[in-house]
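Read through the structure below, which is laid out as structure tokens, and then see the notes.
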Amino acid sequence: MEPSPLTVADWHRLLSDYSSTFLNSDYLRTAEADGRSQYMLSEAQRDAGWLGYEPASEQAVLATEERLGVRLPPSYRNFLLTSNGWNSIDELDLLQVDEIGWFPDLTDILESWSSPDSGYFAEHLDKFERCLMISNDEDGDSSGHWVLHADSAGENGEWTAYEWWPGDGTGPTRHDNFAALMTSAAKAT
């Protein structure tokens, strides 16, 4: 098993490889034929061969950590210092550093699912109260979420990551950390 990216250099290698694979994929060719590719990447990203953005500055990451009241996990911090967000991975876009926030502040899912008659995913609701939402869906209708669970920080500072597609009727999929989630999604493409 190949190690998860931890450093900025590791992230740059993984993201460059992913960009190349995606830009040459049948998935993108099909989206282009269907007229959906404009939602997946910009012409500038296509021309650059890079689905990411300019790196976030250390100051921007520190400002977000202060705003949220937590230190971000190392693998996610270094991802942001490599690319401030990301276009098109697993039908999701990863948010830029100034857009990430606590799950309950960015969505009303917890409120609507916590009603007594709801019954949806009740065993997961309290976990999501302390999760950072780090993604949004590309086209607004897939309702997928990538989150990092703040109360699960290990000795190495990493937080458990979850991928959750509530519309498919299953609970969230657990990953050891953000790097493991991103690596898993990159391999699936």
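Could you say which residue among GLU99, GLU158, GLU138 is at pLDDT below 90 and either under 26 Å from SER16 (Cα atoms) or open to solvent by 60 Å² or more (accessible area, probe 1.4 Å) (or both)?
Residue meeting the stated conditions: GLU138.
Which count do you get for residues in the stretch 15-30 that are part of a helix (DSSP H, G or I) and in contact (Cβ under 8 Å) with a residue 40 or more places away in the chain?
Here the count works out to 6.
Is it the case that the stretch 40-47 has a residue that's surrounded by 15 or more Cβ atoms within 10 Å (Cβ to Cβ) and small (Gly, Ala, Ser)?
no
I need every pair where a residue in the stretch 58-82 that is in contact (Cβ under 8 Å) with a residue 12 or more places away in the chain has its Cβ under 7 Å from the Cβ of a residue that is assigned to a loop (DSSP other than H, G, I, E, B) and aromatic (Phe, Trp, Tyr), sequence separation at least 6 or different chains.
Pairs found: PRO73/TRP159.
The values are calculated or read from the model by the stated rules, or taken from the named source; none is laboratory data. None of the values given here were measured: they were computed from a predicted structure. Positions of Cβ are backbone-derived with ideal geometry, glycine not excepted, and every protein chain shown enters the neighbour counts. Each accessible area value is taken on the protein alone, full model and side chains, heavy atoms only, with ligands, DNA and RNA left out. Shrake-Rupley method; radii C 1.70, N 1.55, O 1.52, S 1.80 Å.
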